[in-house]
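Worksheet: one structure, shown below.
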Number of protein chains: 2
Amino acid sequence: MSRSNPRVLSTLERAGGFASAQEVYRLMQREGESIGLTTVYRSLQSLVNDKIVDVLRRDDGEAIYRLCGEAHHHHLVCKGCGDTVEIEGGAIEKWAKMMAEEHGFRDVGHTAEIFGLCAKC
Amino acid sequence: MSRSNPRVLSTLERAGGFASAQEVYRLMQREGESIGLTTVYRSLQSLVNDKIVDVLRRDDGEAIYRLCGEAHHHHLVCKGCGDTVEIEGGAIEKWAKMMAEEHGFRDVGHTAEIFGLCAKC
DNA sequence: GGTGGAAATGAAAATCATTTTCATTTGTGC
DNA sequence: GCACAAATGAAAATGATTTTCATTTCCACC
């Protein structure tokens, strides 16, 4: 068993609390941190076990890791340039909670993303 | 461009309208149908394009294909048993439209899923 | 300080779903 | 029959993730 490398967590934080393993790895590389991809995966895995981060899936199946407990937000992503805007999602929270109740689900989380073309593209 | 092989759709139906590409393929093999994995993928892809099935993700990232009605809807997925409920998402539509406008995005789509534990799990 | 074992690390190989390539087959209109 | 487009599938490529395994780092204890 391995514990999480603290630099992985701090990088995930710096990435806005929302990134894939590959992205965390590339980010650390770019910042000159010496770390292996394996360690990034292992650290994220262990953070998930410890319930410090959540894992969800992108549309293409890539796993994305998200800090839990953080103010929860969503993303508006440009299909053209990849630019991302964090947006507030109070409406979604309420919707998710309502739908869950209505169908007898508990312990629910959710994902929501909006994608389109930004003003520049 | 390729059109969907009708046997793929009928197999997906027989599988309960809910299966991964690999499962559809294995099922067809077991039933003695001669078909290539590539064709299964292509057919499912094309059914998705035609909005005859939609695609979601298992926890392990594998894509699962599911027959669906025509109305745009979202899913409430049980993390325990994989059970899925189609839910209505009018609130999301409005939210997405609003957020897009606010940030100058156009031509937007969105994804939203709720996951949790169903009453049985 | 040295020593032994457990935990952490990372490079490289393995895995697995999915996509791409490309040569072959099938179908259709002429 | 003939040409040509679409469909097919085997095999290779891709890309994320996991596994393997040899090496390094860390401690606790002497």
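Against the condition under 24 Å from B:G109 (Cβ atoms) and surrounded by fewer than 19 Cβ atoms within 10 Å (Cβ to Cβ), how does A:D59 come out, does it pass?
Values: under 24 Å from B:G109 (Cβ atoms): yes; surrounded by fewer than 19 Cβ atoms within 10 Å (Cβ to Cβ): yes.
Against the criterion (under 24 Å from B:G109 (Cβ atoms) and surrounded by fewer than 19 Cβ atoms within 10 Å (Cβ to Cβ)), A:D59 qualifies.
Testing A:S46 on (1) out of contact with any Cys (no Cβ under 6 Å at 6 or more places or on another chain); (2) assigned to a strand (DSSP E or B), one condition comes back false. Which one is that?
(2)
State all residues of the range A:94-113 that are surrounded by fewer than 17 Cβ atoms within 10 Å (Cβ to Cβ) and either assigned by the TED database to the domain that holds A:E62 or under 16 Å from B:E93 (Cβ atoms) (or both); if no residue qualifies, say none.
Across the range A:94-113, the qualifying residues are A:K94, A:M98.
Consider the range A:1-34. How many of its residues are within 13 Å of DNA strand C (Cβ to nearest atom) and of a type in the set (A, V, I, L, M, F, W, C)?
Here the count works out to 6.
Which one of these is of a type in the set (D, E, K, R), in a strand (DSSP E or B) and over 26 Å from B:L117 (Cα atoms): A:E86, A:E23, A:E113?
Being of a type in the set (D, E, K, R), in a strand (DSSP E or B) and over 26 Å from B:L117 (Cα atoms) holds for just one of A:E86, A:E23, A:E113, which is A:E86.
Between residues in the range A:16-39 that are within 10 Å of A:Y65 (Cα to Cα) and more than 14 Å from every other protein chain (Cβ to nearest Cβ) and residues that are in a strand (DSSP E or B) and more than 9 Å from DNA strand C (Cβ to nearest atom), which pairs lie under 7 Å by C-beta distance while being six or more apart or on different chains?
A:G17/A:R66; A:G17/A:L67; A:F18/A:I64; A:F18/A:R66; A:A19/A:I64; A:A19/A:Y65
Which residue pairs have Cβ atoms closer than 9 Å, lie 6 or more positions apart in sequence or on different chains, and pair a first residue in the range A:40-65 that is more than 10 Å from chain B (Cβ to nearest Cβ) and within 12 Å of DNA strand C (Cβ to nearest atom) with a second residue that is part of a loop (DSSP other than H, G, I, E, B) and among the β-branched types (V, I, T)?
Filtered contacts from the range A:40-65: A:S43/A:I35; A:S46/A:I52.
The values are calculated or read from the model by the stated rules, or taken from the named source; none is laboratory data. Since we're looking at a predicted model, the values are computed, not measured. All Cβ positions, even for glycine, are placed from backbone atoms using ideal geometry, and neighbour counts span all protein chains on display.
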